[in-house]
2 protein chains.
Amino acid sequence: MNQTHPDMPTPAPGADRLPPLPVTVDTVILTVLEGRLQVVLVKRLDEPFAGQWALPGGFVHPTESLESAARRELEEATGAGDVYLEQLYTFGAPDRDTRGRVVSVAYFALVAADRCPLTPHRLEAEAHWFWVKQLPTMAFDHLDMLQVALQRVRTKLEYTTLGFQLMPETFTLQELQKTYEIILDRELDKRNFRRRLKLLDLVEAVGAKRAEGPGRPAELYRFKDVDFFHLREKGFFLPF
Amino acid sequence: MNQTHPDMPTPAPGADRLPPLPVTVDTVILTVLEGRLQVVLVKRLDEPFAGQWALPGGFVHPTESLESAARRELEEATGAGDVYLEQLYTFGAPDRDTRGRVVSVAYFALVAADRCPLTPHRLEAEAHWFWVKQLPTMAFDHLDMLQVALQRVRTKLEYTTLGFQLMPETFTLQELQKTYEIILDRELDKRNFRRRLKLLDLVEAVGAKRAEGPGRPAELYRFKDVDFFHLREKGFFLPF
DNA sequence: CCAATAGTGTCTTTCAGACAGTATTAT
DNA sequence: ATAATACTGTCTGAAAGACACTATTGG
């Protein structure tokens with residue numbers, strides 16, 4: 001009822017003080033790998049849910065921002081830096097951790113497969129990629145987090161340039177389309193897909209070609225430096 | 001780096017413990033009143049920012065969910081219950097409160113003007129509606145919160161039934177359109193607006209009419225019980 | 001020349017945007 | 001009758017969806 005904030009993490013006396021809460025970040029790290037949409041899970045060492053798989057996450061340090069914390073966890077889990085990261089939702093049900101009240105700010109990250117070491121960077125706990133259609137039992141409410149992330153990514157894929165984050169520097173249009181198909185979990189029409197790309201003026205040919213086995217080699221493309229204002233005018237929205 | 005969560009709000013010993021953080025909720029309460037989009041602000045009594053205006057907010061109690069906390073603050077500030085409430089974003093910059101680290105989960109609410117007592121329900125602090133285009137200086141990062149809320153509402157207004165939350169039980173189509181115009185801050189075409197409503201099959205005539213001064217009386221409408229699955233098929237998305 | 005992959009064009013439908021006239025009521 | 005408000009229909013252009021053929025390469 002009182003609109004003031006507490007003085008410090010170490011509570012000072014006062015009628016309106018309430019115990020501070022542990023705050024964690026958990027990150028849904030997604031990539032497209034081996035033709036599948038995959039998420040990083042780490043094996044829990046401690047109770048509760050010891051031995052089960054969980055999203056990489058951890059405490060927010062007192063001096064870092066929430067995003068910094070998420071980015072730190074991300075780098076520790078995958079070794080990949082400079083990736084797309086977006087706040088997802090904050091989970092704060094009183095019983096979401098069996099040991100007591102923990103508030104968790106969930107983030108999601110999109111990492112390009114080529115920028116992401118396959119081998120787990122994390123030594124003390126196992127970290128693995130899991131196909132999102134074949135998941136193990138997950139600790140806490142982490143499955144909820146993942147599902148929210150998937151919905152968000154799929155939705156935003158259609159009206160943002162989110163998908164670009166999963167591609168290497170240069171790529172063929174077929175590869176790009178395949179990436180979209182994998183995330184959206186449905187097939188797209190090749191001609192319509194390319195028409196839309198051309199219309200939005202998002203990619204440019206890099207001049208080189210790449211032969212994919214036999215058959216005509218595919219033109220290589222890169223993403224143009226996008227004028228976001230221009231995109232917005234075309235009805236394209238931005239990631240938050 | 002450790003993926004486990006702490007045991008309790010009262011930290012137990014362990015290498016991975018970090019001090020818990022004060023967690024608050026702040027709520028952007030919006031309504032359309034007197035032809036304007038308005039937001040509830042309360043006058044701060046304590047330092048810092050004493051005397052300045054802020055979003056209604058407060059601590060998350062140990063046993064309540066984040067949404068419950070937001071709803072509690074909402075009712076205390078406006079007296080209105082059973083209103084649309086949606087989590088907005090979590091603000092956690094280390095320096096967002098000058099006294100120390102505070103994490104704030106922002107929510108936004110849409111309350112129908114007729115369900116919302118104009119007089120401040122809150123006795124110990126002044127609470128007022130402010131036109132979002134004529135705001136006082138606001139405490140903390142609350143202006144950021146408000147702007148995120150406005151953007152979210154405006155975006156979602158176009159592909160969800162969010163706007164319905166601001167209407168009374170029955171209303172004329174002109175009133176509905178006006179509400180949309182006020183929120184979006186631009187004029188809409190009457191015929192196109194109605195065509196879309198009809199296409200989406202969102203409203204039904206209630207049978208009565210209401211005379212608005214001289215001229216032909218307007219048909220009264222109510223919202224249909226919407227089949228959300230059906231809406232989704234029509235390209236309509238749901239609020240989260 | 002054959003197999004394999006890359007690349008392109010058209011038709012149809014749907015919907016948004018722009019726009020002006022008719023209908024109903026009170027005075 | 002007139003003023004005031006409520007209500008409706010059409011044309012046009014943009015874009016999505018469905019769909020099939022041509023082009024280039026290696027073997």
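A:Leu37 sits with roughly 10 Å² accessible to a 1.4 Å probe, with DNA, RNA and ligands left out of the calculation. Between B:Arg191 and A:Glu158, the FRET efficiency estimated from the beta carbon spacing at R0 = 25 angstrom works out to 0.30.
The other copies place their A:Asp82 label points at 5.5 nm from this one, listed shortest first, where each point is 7 Å from Cα along Cα→Cβ.
Counting from the shortest, the label point at B:Gln134, 7 Å from Cα toward Cβ, is 6.4 nm from the same position in each remaining copy. In units of 2.2 N^0.38 Å, what is the alpha-carbon radius of gyration of the range B:146-232? In units of the 2.2 N^0.38 Å rule of thumb, it is 1.14. Please tell me which of these pairs span more than 25 angstrom C-alpha to C-alpha: A:Lys178/A:Lys209; A:Lys133/A:Lys224; A:Lys156/A:Lys198; A:Lys190/B:Lys156; A:Lys43/A:Lys133? Exceeds cut-off: A:Lys133/A:Lys224; A:Lys190/B:Lys156. Accessible area buried by the pairing of B and A, both sides summed with a 1.4 Å probe, works out to roughly 5500 Å². For the range B:159-233, the solvent-accessible area of protein heavy atoms averages 65 Å² per residue (probe radius 1.4 Å; ligands and nucleic acids excluded). Put simply, the amide H of B:Ala106, placed in the peptide plane, has neighbours under 5 Å in B:Asp26, B:Leu88, B:Tyr89, B:Thr90, B:Phe91, leaving out anything fewer than 5 places away on its chain.
Ordering A:Thr155, B:Thr161 by accessible area with a probe of 1.4 Å, largest first, what comes out?
A:Thr155, B:Thr161
In nanometers and ordered shortest first, the copy-to-copy spacing of the A:Ser68 label point, defined 7 Å from Cα toward Cβ, is 3.3. Specify whether the C-alpha gyration tensor of the range A:23-156 places it in the rounded, prolate or oblate class, a ≥ b ≥ c being the square roots of the eigenvalues: rounded for a/c under 1.5, otherwise prolate if a/b is larger than b/c and oblate if not. In terms of gyration-tensor shape, rounded. When the surface is traced with a 1.4 Å probe over the full set of protein chains, B:Asp46 keeps roughly 60 Å² accessible.
Would you grab the residues whose amide H sits under 5 Å from the one on A:Ile29? Only those 5+ places off in sequence or on another chain, please, with H modelled 1.01 Å from N. When sequence neighbours closer than 5 places are left aside, the close amide H contacts are A:Val40, A:Ala109. Surface composition of the range A:159-233: carbon and sulfur make up 47 percent of the accessible area, probe 1.4 Å.
The values are calculated or read from the model by the stated rules, or taken from the named source; none is laboratory data. Everything numeric here is computed off the predicted structure, so don't read it as measured data. All Cβ positions, glycine included, derive from the backbone under ideal geometry; neighbour counts span all protein chains shown. Note: areas computed on protein heavy atoms with side chains; ligands, DNA, RNA excluded. Shrake-Rupley method; radii C 1.70, N 1.55, O 1.52, S 1.80 Å.
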